[in-house]
1. Given bins 10 angstrom wide, list per bin the percent of all Cα-Cα distances in the stretch 1-149, short to long.
2. Starting from the Kirkwood radius over alpha-carbon pairs of the stretch 1-83, derive D by Stokes-Einstein at 20 °C in a medium of 1.002 mPa s and give it in µm² s⁻¹.
3. Given H placed on each backbone N at 1.01 Å, which residues far from N127 in sequence or on other chains put an amide H within less than 5 Å of it?
4. So how far, in whole Å, is the C-alpha centre of the stretch 212-251 from the one of the stretch 121-139?
5. Could the peptides 76-83, 45-52, 20-27, 175-182 be put in order, highest first, of the mean number of other beta-carbon atoms found within 10 Å of their residues?
6. Which net charge results for the neighbourhood of H171, defined as the other residues with beta-carbon distances under 14 angstrom from its beta-carbon, given Lys and Arg at +1 and Asp and Glu at -1?
7. For I265 and A168 in one chain, what is 0.36 nm times their gap in residues minus the Cα-Cα distance, to one decimal in nm?
8. Measuring from label point to label point, each 7 Å out along Cα→Cβ, what is the E110 to D178 span in nm?
Amino acid sequence: MVISIIGAGAMGCRFGVAFAEAGAQVWLYDVWQEHVNQMNANGLVVEDGVGGERTLEVNAVSDISRMPVSDVVVIFTKSMYTMDAITKAVPIIGRDTAVLTLQNGLGNIEAIREATGNNPVIAGVTNYASDLLKPGRVELKGSGVTKMMALDEGAREKAARLVGLLCAVGHNAMLSDDVLIDIWEKVAFNAALNTTTAITGLTVGGGGSLSESRQLLFDISSEVVMVAKAEGINASESHVHGIIESVFDPEMSGDHKTSMLQDRILKRNTEIEAVCGRAVQIGKKHGLKTPKLECVYALVRVIECNYNKICL
């Protein structure tokens, strides 16, 4: 099975490693040339998060024309770059190629469908974490779960094969019965954790270190679940709260810097629109009040727009 990953950052590398070690032919594409060069010269160094490390030989490119037509193309860029990524990937998308998104936020499925037309789509979510420490070196953070579902009949077999590959190397993966529930619950999770860690500068565990902060996380996620239900998505408030509670443990993701916090540290654009902005707008469409969601959305936006003016 030929799997090409567009966006070989922390998560793209984590899943690329899993698929490759399960026996797939994996290609990694990224625009960061130094990272690509390092992987080609010395392999991808993988720290397992508990003191061990291994090196994996990989096919890494910064030129998509060097990649083969693939059985599955995985989009692992930030959500605001989805359309650009899938457009660039068109040369390696054959008639039967399935496109998989495990990205954060809302709108990725729609962007993929707009760019690819009739290609089958697989959508999913993951709460595994990973940090790209430096070019050619990634650290796997804790455990988690990955769920995915074929949105088209032509992708059912490939979705099952992808889950099988992940499970073969000890990854907790499964097929989903309703991936839209999973996606909205992940949005609720990220709207709470990613925003508050980016605002405070704390790790996941630090963000949950006080009862007051935990309650804030639950309240933000509950507002997103309310919006989901207004859209006809049967998301579970208690399930999201349970997942949030679980990741404070260092053995899960407690010492992890969320992607939005990492973006703030590096003064990069964040996924705030896909993670919060769309949910805010959908809530307004339904006449719903989401004050805590709107608050963290506004705070991340103002931080992002004023990186060079922050006094700290």
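Values quoted throughout were computed directly from the atomic coordinates according to the rules given, and no laboratory measurement underlies them. Being a predicted model, the structure only gives us computed values, none of them experimental. All Cβ positions, even for glycine, are placed from backbone atoms using ideal geometry, and neighbour counts span all protein chains on display.
1. 12, 45, 35, 8, 0
2. So the translational diffusion coefficient is about 166 µm²/s.
3. Those qualifying (amide H under 5 Å, at least 5 residues apart or on another chain) are V145.
4. Answer, in whole Å: 22.
5. Those peptides, ordered most packed to least, come out 76-83, 20-27, 175-182, 45-52.
6. The answer is +2.
7. 31.4 nm
8. Reported label-point gap for E110 and D178 is 2.1 nm.
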